[in-house]
Amino acid sequence: MSGLPELLSPAGSPLALKAAVAAGADAVYLSGKRFGARKLADNFNKSQLKQALDYAHLRDVKVYVTVNTLIREDELAEVAEYFLELYEIGVDALLIQDVGAASLARFLVPELDLHASTQMTIHNQEGLAWAAKMGFKRVVLAREVSLKEIDAMQQVSGLGLEVFIHGALCYCYSGQCFISSAIGGRSGNRGLCAQPCRKPYLLIHGEKDEYGRPIDLKTIPIKNHFLISTKDLSVYWHLDKIVRSTIASLKIEGRMKSPEYVAIVTSIYRKALDSIAQGNWQPSEDDARDLSLAFNRDFTDGYILGSRQIMGREMSQNRGLLIGTVASFDSTEREASIKLINSWFPEEGDGLVVISTDRKFGLIVHRPIRKAEFLKIKTPDKAIIGAAVYQTNSKSLSRKAGQIISQERICIPIDLEISWKDGNVLVEGSIERVEMCRKFRFESDFKMEHAIRKPLTEERIMAQIRKTGGTLFYVRRLKMDYPGGFFAPISAINRFRRSILARAEEAILQDHCPSSLKVETAKQKLKSIDFCSSVPQTNSIPTLAMYADSLETVEGAAKAGCDRIYLEPAIGNRYGRARKISDMLEEAKSLCKRSQLIWKWPKITKDSFLHSACTLVRRAEIDGIMVEGLGAAEAILSIRPDAKIFGSTGLNIWNHFTVWHFASYFQLLTLSPELSTDQLSMLIARSRTMLSPKFELIVQGNQEVMITEDCIACLAPGNSDFYGLQDVKRLFPISTDDDGRTHIFNSVETCLLDYLPILFNIGLDGLAIDARNRTKRYAEETAMVYIEAIKLIERKNGSFENHLRVLKHKIQPMVIGGLTTGHLIKGRKEYPC
């Protein structure tokens, strides 16, 4: 079998890089100290980055550097300089999330390959089309895309597809998760996710009052409490199916994992891929065991293979390998007898965890005794009969990993022609590798003298030149035109050999780096960019929009006088969706009166939705369409180029380069809720130096902080009006959409009413209230409060702060969970590099 997909491994540290390379990775992905989505990994400083590139490239391994966070306005110049640094040292590709950063990289260094991060949430055919137009060479698909969906996608010329095959799964669609940011200011879009999905929660249900607030709440009795914790992905048993697809790269997750983990997992997948290529692969029970021992939260085949068993709600930590159950316990000797389930036997120093229904404890194995299928060990606590025993640490696996890491992976063939001229030694060398042929030539720094007694023979010189042990090279062909009769110390010949190999290394590394002329051209481009130019802000009067999901909330918003209503129809299920949406839009249009009706599409628009929705677009009587994804906008414009498109928060608008890219797509863009007033002000002022869309900000409502394919409410018996997730001090409302996806909302409600004067001053064109999952009364009364506030500020009659506080008191009885200003005033937490 030819054309194996690339095996791409994580390198969160220099030692993990060596582990990945030694274990057989074709490429690695890693991050510098800035702009990486795993900011708390060790990562690489500037000198370490150069060393990592040289180390990998000499071993024929590609290096992709992650710049996969969203970029603040004040960071654009810094990230541009970073792109030039990476280009100059020979990075093979940049892995990017931020659309503005991608635009900047494409302008500065068009020869450097760009890969669209999974943080871009690309999950449909049209998203691939957008990425190709944008100049990306590869797309890392959302983890929720199945192999069946991938096979149905038409291949886009020049665009490779990358998927995750092993490691941790995010609960939420990557790039759309704001829960860590909302709870504690640590944004996943800035590489600082605090992993609240791995915490325990209770499932709550109840009714709603006239404003849509939860009342009469009760806890649903569920045995397991890690309700939003996923299992780990492993496609190992079905790897051949993935290989037969159109996927170009297979990615192992784990930049926060140890070098030993990287070594074990990479080596197992390398061995499997090579066996598949030879046509003789069979999954190995031993390799599957080692994958479990390396780390797992229980394994799932994942969305990619169509599994429905994604969630690991029992626990969120490493489960290790199940080795048996407690058969008996001697309380006097504090000794447990474990009935083993197979021949695997833990050794001295291994780690175990014993788990029963209501308790668990860990231990280190000391003096284990094996009798037939039983293992006897001392325990620090009482072991309950029937408790499961897992091995979570293995000394033998650590030794295996150490052996992998210590081995040198490759020898590079080098062809040499050596000749003499007046005692000077001349060398012409040639190195041929996949996608590379490099030649080099140089002259020795010493001159061989005519021998007085014992001249060096050709055979002796050749023998010394071929002594390349302990290096990456071996001399494949050696041709010498030696006239004879010369002498030089053997130390000089050895030094000459080392010079040859140094020149060979230099030739390989130069092949990965751009010429000095290209680097200078990129630097001149950078100098031409004015990052700080801005247009003075004018105090504008913004319009008011309302997000709605029912005809009742549409009616309330229209009655209050909202300028725009973004209707995301909730019809209950997917059956007859197109007709029901059409009928709902038609009825909503009759209710809107003077309000514009904008059809809001779901945040996730798989190809099945796009097909039916695009049919409706051609005939729907609406004033525009709102989308949250790149592919959705591309789909609309492909069938209706004159469509008015509005962008919501899912687009992650953080800087004016992103705005400029989207200017040809959108009438209006909703700015990120993760930005502060200063960041919003700078973004708007700089965007308006060129033609830009209008800008809007959501100022009221419970922010959507997660969207997932998992249906949490399906765990509950019966039906309730309200469902929520409760941790130790917060209640997060949840809803289920027509596709069975769960939407999780912030536990407190955003309210920026008393900061409206500031928002007016920074030049916002629109304010929006999110009334989805709420009632007609909530929609009408909150809209009326904001309209009154807008008119109050517009009149500019003296001090209006007191009046705004009075209006805010009107809001408070309608909110869910209290009020917050989000990140508007204090901003998010940022960790120093």
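The values are calculated or read from the model by the stated rules, or taken from the named source; none is laboratory data. Since the structure is predicted, the reported quantities are computational estimates derived from the model, not experimental observations. Glycine also receives a Cβ, built like all others from the backbone with ideal geometry; neighbour counts cover every protein chain displayed. Accessible surface areas use protein heavy atoms only, side chains included; no ligands, DNA or RNA. Shrake-Rupley method; radii C 1.70, N 1.55, O 1.52, S 1.80 Å.
Some notes on this structure:
- Scan of the stretch 778-831 for residues that are aromatic (Phe, Trp, Tyr) and modelled with pLDDT of 90 or more, ordered by number: 778, 786
- Only a single criterion out of (1) part of a loop (DSSP other than H, G, I, E, B); (2) among the basic types (Lys, Arg); (3) over 52 Å from the mean Cα position of the chain (by Cα) is not satisfied by residue 460, namely (1).
- Residue 316 vs. criteria within 35 Å of the chain's Cα centre (by Cα), small (Gly, Ala, Ser) and at pLDDT below 95: yes
- Selected residue (criterion: nearest to the chain's Cα centre (by Cα)) from residues of the stretch 264-288 that are open to solvent by less than 50 Å² (accessible area, probe 1.4 Å) and farther than 20 Å from residue 8 by Cβ: 288
- Any chance residue 150 is under 26 Å from residue 195 (Cβ atoms), β-branched (Val, Ile, Thr) and open to solvent by less than 10 Å² (accessible area, probe 1.4 Å): no
- Filtering the stretch 57-116 to residues that are under 22 Å from residue 140 (Cβ atoms), part of a loop (DSSP other than H, G, I, E, B), of a type outside the set (Ser, Thr, Tyr) and out of contact with any Cys (no Cβ under 6 Å at 6 or more places or on another chain) leaves 61, 68, 70, 71, 91, 92, 97, 98, 109, 110, 111, 112.
- Here the condition is being modelled with pLDDT under 95 and in contact with a Cys (Cβ under 7 Å, 6 or more places away or on another chain); of 740, 763, it holds for 740 alone.
- Some residue of the stretch 424-446 being open to solvent by less than 80 Å² (accessible area, probe 1.4 Å), farther than 29 Å from residue 513 by Cβ and part of a strand (DSSP E or B): yes
- In the set (1) within 27 Å of residue 648 (Cα to Cα); (2) in contact with a helix residue (DSSP H, G or I) (Cβ under 9 Å, 6 or more places away or on another chain); (3) at pLDDT below 95, the condition left unmet by residue 211 is number (3).
- Test: residue in the stretch 676-684 that is closer than 30 Å to residue 220 by Cβ, open to solvent by less than 40 Å² (accessible area, probe 1.4 Å) and in contact with a helix residue (DSSP H, G or I) (Cβ under 9 Å, 6 or more places away or on another chain): no
- Residues located in the stretch 171-205, provided they are open to solvent by 10 Å² or more (accessible area, probe 1.4 Å), more than 15 Å from residue 316 (Cβ to Cβ) and assigned to a helix (DSSP H, G or I): 182, 183, 184, 188, 190
- Residue match in the stretch 504-520 (condition: in contact with a strand residue (DSSP E or B) (Cβ under 9 Å, 6 or more places away or on another chain), small (Gly, Ala, Ser) and either surrounded by fewer than 16 Cβ atoms within 10 Å (Cβ to Cβ) or more than 30 Å from residue 780 (Cα to Cα) (or both)): yes
- Residue in the stretch 530-543 that is crowded, with 18+ Cβ neighbours inside 10 Å, closer than 30 Å to residue 783 by Cα and in contact with a strand residue (DSSP E or B) (Cβ under 8 Å, 6 or more places away or on another chain) present: yes
- From the list 723, 755, the lone residue that is surrounded by fewer than 17 Cβ atoms within 10 Å (Cβ to Cβ) and among the hydroxyl-bearing types (Ser, Thr, Tyr) is 755.
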